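Reviewing the structure listed below.
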Amino acid sequence: AVQIDAAINPGNSGGPVVNEALELVGVAFQSLSSDDVENIGYVVPITVVEHFLEDTRRHGRYTGFCACGVRLQTLESAAMR
């Protein structure tokens, strides 16, 4: 997701996000709800939306993204750092 400086409300969540050239760059999908945060929204990039639509067209369902097999583990022990 991409963070944007815009208020996204229930009425415009799921709506298009366009750049200055009026090109579609993504879909607005949620906003943070907190007393300390205002006008912060998130966008699903258009490349992710296109992947979802093409995957659904080809397979009749969403099969997801491939995994590269990399795992992450935090090193909490100072001896392991």
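Quick note: the coordinates plus some simple rules give every number you see, no bench work behind them. Note that the structure is predicted; figures quoted are calculated from it, not measured. So basically every Cβ, Gly included, is an ideal-geometry build from the backbone, and we count neighbours across all protein chains shown.
Residues whose amide H lies under 5 Å from that of Tyr42, counting only those 5 or more places away or on a different chain, are Ile4, Phe29, Gln30; hydrogens are built 1.01 Å from N in the peptide plane. Projecting the Cα atoms of Thr47, Ser77, Ala21 onto the dipole axis of the chain, where Lys and Arg carry +1 and Asp and Glu carry -1 at the beta carbon, places Ser77 farthest toward the positive end.
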